[in-house]
Amino acid sequence: MARLIYSALTSLDGYVADADGRFDWAAPDAEVHAAVNDLMRRVGTQLYGRRLYDVMVAWETLDVTDEPPAMQDFAAIWRASEKVVYSRTLDQVASNRTRVERDFDPKAVAALKVAAERDVLVGGAELAGQALHAGLVDEVHLFLSPVVVGGGTRALPDRVRLDLSLRGERRFGNGVVHLHYDL
């Protein structure tokens, strides 16, 4: 059975985007990018909300020929994975291996975990919140950036209690700290 993983690049105060919707402060350096890539290598299917998909779909056609190896690696990993976008308004996708589901169905995601040969990643704070509320998430990976943004889109949902077990931590040269939890 596959594990459902939630991974997010967050501010120290727990936001994936600031009050203006910006997240440039979380751009990973080569070392952090390589760690994210290693996590992504386990993933066969990625679940996205519409907003995050709109950001991530650039990886489908981005010319990474002259980019650093970590970006080239991430592009290859992203392109090779299956993707499910949860949206009531998206009619067409702009990436291969991608399908649209209108609503997040916890029973369907549970069935996907049972059937999947590789792990599943849930991306986007709102969608991850639904998966956390439904008790479907097995692992949480937070990459905490050394910045406090004071508000915006929270990485973790309100009104849910999660009893977590710290599985690992790692400090990077740029001040980012990776916390890995099991639920």
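The values are calculated or read from the model by the stated rules, or taken from the named source; none is laboratory data. Nothing here was measured: the structure is a model prediction, and the numbers come from that model. As a convention, Cβ positions derive from the backbone with ideal geometry for all residues, glycine included, and neighbour counts pool all protein chains shown. Surface accessibility is based on the protein's heavy atoms, side chains included, excluding ligands, DNA and RNA. Shrake-Rupley method; radii C 1.70, N 1.55, O 1.52, S 1.80 Å.
Filtering segment 1-33 to residues that are part of a strand (DSSP E or B) and aliphatic (A, V, I, L, M) leaves Leu4, Ile5, Ala8, Leu9, Val16, Ala17.
Residue pairs whose Cβ atoms lie under 6 Å apart, sitting 6 or more positions apart in sequence or on different chains, and linking a residue in segment 110-130 that is within 20 Å of Pro157 (Cα to Cα) to a partner that is in a helix (DSSP H, G or I) and small (Gly, Ala, Ser), are Val122/Ala128; Val122/Ala131. Counting just the residues of segment 10-52 that are of a type in the set (Phe, Trp, Tyr) and touching a residue at least 60 places away in the same chain (Cβ under 8 Å), which one comes out most open to solvent (accessible area, probe 1.4 Å)? So the residue we want is Trp25. Within segment 61-79, the set of residues being assigned to a helix (DSSP H, G or I) and more than 15 Å from Val36 (Cβ to Cβ) comprises Thr61, Arg79. Exactly one residue among Val100, Val140 is touching a strand residue (DSSP E or B) at 6+ places or on another chain (Cβ under 8 Å) and touching a residue at least 24 places away in the same chain (Cβ under 8 Å), and that residue is Val140. The single condition from (1) touching a residue at least 40 places away in the same chain (Cβ under 8 Å); (2) part of a loop (DSSP other than H, G, I, E, B) that His180 fails is (2).
Screening Arg159 on (1) at pLDDT below 95; (2) surrounded by 15 or more Cβ atoms within 10 Å (Cβ to Cβ) shows it passes everything except condition (2).
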